[in-house]
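Here is the structure we will look at, set down as structure tokens.
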Amino acid sequence: MVEGDIGLKKKQDCDVKDQGRVPNGCGSKELELKKIVGGSLKNLPDAEKGTVEKADFEEAIVLTGYGSFIPRFHYLLLAVCGFVSTSEEMDVISMSFILPSAQCDLKLNTYTKGWLNSIIFIGMMAGAYVWGSVADSLGRKKVLIAISFMNGLCIVASSFTQTFEIFMIFRFLNGAALGGSGPVIWSYFAEFQPKVKRGSMLSSMAAFWTLGNLFVAGLAWLVIPKDIGFTSDSFKYNSWRIFLLLCAFPSFVVALLLFMLPESPKFLLMRGRTKEALEVFQGIYKMNTGRSRDEYPVKELLVEANIGRYRNPAKKAIEGKYKNMFLDIMDNSRQLFVSPILRFTIISITINFTFHIGYYGLMMWFPELFNRFDEFSRFHPGQDATVCQVTDFVVNHGTLKKGSQCSDTIESAVFMESLITVAAAIPSNILAVLGMDRFGRKFFLVFSTLASGLCASSMYYIHNKTQNLIVSATFSSVISCGNAALDCLITEIFPTNLRATGVAISMVAARLGGIIGNIVIATLLDMYCPAPTFIVAALLIGGGLLCLFLPNTTREPLS
């Protein structure tokens, strides 16, 4: 029996999300709805069969025409939210293509390259918690718009910088904006989905990360090798800076597109704003069905009985939305580290930390490794060599040798190999979309971490460019579907009032993993070459297996 089959059992397992359940195992919310609509929730009426006076979130979102009609609103939502993920991934991965070409302009060595890769994650750690907490207080949409504009402006500013130190500052600010994008966009998107479609839709959005990787690799291939731009004695604006400027464009586009979308109805319900939530459902119904908003069959939305506990009573004595927001942030953070949610918080932090040491620790160094293999083959045509032998040559005899003349020339083959590597993730993303609700989140995450861990350890045994490309592409493919599963699982285990904050804290751990992965690989790759690949392998496999201690969320309602 696969994970997705658990939802077919008559008796449901209770976890932290089921605190309102009665002793016989059936949730009190389900019993109340049965009295109102006169039947099981499994047989929901469609939008064409009269009025359902009262409904909870799950029934209300289905009645917007999600199953009976082509869900035009949800496809628009997927496109916009997916584009946000595309923009985020482009900004993170773009640095891996800039490193080889900016090494002369910014006077980089392997150590400073590691810090330049890592600084964006340091910014993301700071931004993730702040933005995620604000989104749980003020709402998802406003935060996403502010983040997107800030992100685009920081990228534009960084493209004009001429020194390593100033470039680092803008990359940090860029990361601070990006840090909120991940937790908020995943929470926002998930809160529009019915339980039966949530896994496939979240996996579809995760596929936009691959689109971001493909787009940035293709753009780098088209722009960076070209001799374009402006150069003077005191100012340079060459091809890699133009590439960076182009990477800012999607951030401004998504900021404008987000104005078209409503606030999350799940968030509005959690805040007790039922009238606004009903208006959102009516708008979705109109777009999905083409009918009048007044024809939406639900006239009243049910709010869970324990909604009052999501609000801090102390706030009533305090005037001012910013003080209220601060109390929300503190209260949400505290709840994440109190039983029974504490267990899920610790496990999600650990999995994200170990997974992203491998994901970013290797993915962001692949273009650099391709470039090193290319340099070795130019001086030793037809000769095989391991990653460690290639690295030893480049550091001690090649372009990274101290005192050697700096060269930022990169062959087009390096960009082609990078493009092949990220394109290899397309089949696995399709598999995740089709199978996430069937086989479950845990199946994909365990498979991905085991396979990618084996790929990481096998990098020590490769002996030429072709083998390096095959292993890198395989690693990219298998870790991609694991990334989709992890995003689904972490988004779903936290209750709505804590979701953005919980995902944000998990992503703080993910960014810390990205920092450590890049710095450790940068340090150990040149000094103790075999170590990085085996460290990454052990962390990926060990971290992935921890997901077995989390509850099943496949085809389960969001709490």
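The values are calculated or read from the model by the stated rules, or taken from the named source; none is laboratory data. Small disclaimer: the values here were computed from a predicted structure and weren't measured. Counting neighbours? That spans all protein chains shown, and the Cβs are built from the backbone with ideal geometry, glycine included. To get the accessible areas, we keep the full protein, side chains included, count just its heavy atoms, and leave off ligands, DNA and RNA. Shrake-Rupley method; radii C 1.70, N 1.55, O 1.52, S 1.80 Å.
When Leu77 is tested against the conditions (1) assigned to a helix (DSSP H, G or I); (2) at pLDDT below 75; (3) crowded, with 16+ Cβ neighbours inside 10 Å, the lone failure is (2). Restricting the first member to segment 377-396 and to residues that are at negative phi and among the aromatic types (Phe, Trp, Tyr), and the second to residues that are assigned to a loop (DSSP other than H, G, I, E, B) and open to solvent by 20 Å² or more (accessible area, probe 1.4 Å), the beta-carbon pairs closer than 9 Å and six or more apart or on different chains are Phe379/His397; Phe393/His380.
Residues of segment 458-477 that are at pLDDT below 85, out of contact with any helix residue (DSSP H, G or I) (no Cβ under 7 Å at 6 or more places or on another chain) and either assigned to a helix (DSSP H, G or I) or open to solvent by less than 20 Å² (accessible area, probe 1.4 Å) (or both): Tyr461, Thr466, Gln467.
Of the residues in segment 36-59, at least one is assigned to a loop (DSSP other than H, G, I, E, B), in contact with a strand residue (DSSP E or B) (Cβ under 8 Å, 6 or more places away or on another chain) and modelled with pLDDT of 80 or more.
How many residues are in contact (Cβ under 8 Å) with a residue 24 or more places away in the chain and over 30 Å from Arg271 (Cβ atoms) if we restrict to segment 507-534?
Qualifying residue count for the region: 19.
Residues of segment 520-559 that are aliphatic (A, V, I, L, M), in contact with a Ser or Thr (Cβ under 8 Å, 6 or more places away or on another chain) and modelled with pLDDT under 75: Ala522, Leu525, Leu558.
When the residues of segment 167-211 are narrowed to those that are aliphatic (A, V, I, L, M) and free of Cβ contacts under 8 Å to residues at least 60 places away in the same chain, which ends up nearest to Glu88 (Cα to Cα)? Outline the logic, then answer.
First, pick out the residues of segment 167-211 that are aliphatic (A, V, I, L, M): 168-169, 173, 176-178, 184-185, 190, 196, 201-202, 205-207, 211.
Then drop every residue that is not free of Cβ contacts under 8 Å to residues at least 60 places away in the same chain, which leaves 168-169, 173, 176-177.
Working: Met168: 18, Ile169: 18, Leu173: 14, Ala176: 12, Ala177: 10 Å.
The extreme case among them is Ala177.
Applying the criterion of being of a type in the set (Val, Ile, Thr) and open to solvent by less than 20 Å² (accessible area, probe 1.4 Å) to the residues of segment 507-529, the residue that is farthest from Val390 (Cα to Cα) is Ile515.
Filtering segment 334-350 to residues that are under 24 Å from Gly542 (Cβ atoms) and β-branched (Val, Ile, Thr) leaves Ile341, Thr345, Ile346, Ile347, Ile349, Thr350. Pairing each residue of segment 253-264 that is modelled with pLDDT of 90 or more with any residue that is among the basic types (Lys, Arg) and open to solvent by less than 30 Å² (accessible area, probe 1.4 Å), provided the two are 6+ apart or on different chains, yields C-beta distances under 9 Å for Glu263/Arg140. Per the conditions (1) part of a helix (DSSP H, G or I); (2) more than 14 Å from the chain's Cα centre (by Cα); (3) modelled with pLDDT of 80 or more; (4) surrounded by fewer than 23 Cβ atoms within 10 Å (Cβ to Cβ), the sole criterion not satisfied by Leu211 is (2). Scanning segment 161-204 for residues being in contact with a His (Cβ under 9 Å, 6 or more places away or on another chain) and among the basic types (Lys, Arg) gives a total of 1. Do we find a residue being in contact (Cβ under 8 Å) with a residue 60 or more places away in the chain, open to solvent by 10 Å² or more (accessible area, probe 1.4 Å) and not in a loop (DSSP other than H, G, I, E, B) anywhere in segment 85-92? Checked segment 85-92: no residue is in contact (Cβ under 8 Å) with a residue 60 or more places away in the chain, open to solvent by 10 Å² or more (accessible area, probe 1.4 Å) and not in a loop (DSSP other than H, G, I, E, B). Residue pairs whose Cβ atoms lie under 8 Å apart, sitting 6 or more positions apart in sequence or on different chains, and linking a residue in segment 478-506 that is surrounded by 24 or more Cβ atoms within 10 Å (Cβ to Cβ) to a partner that is of a type in the set (Val, Ile, Thr) and not in a helix (DSSP H, G or I), are Cys488/Thr553; Leu489/Thr553; Glu492/Thr553; Ile493/Thr553.
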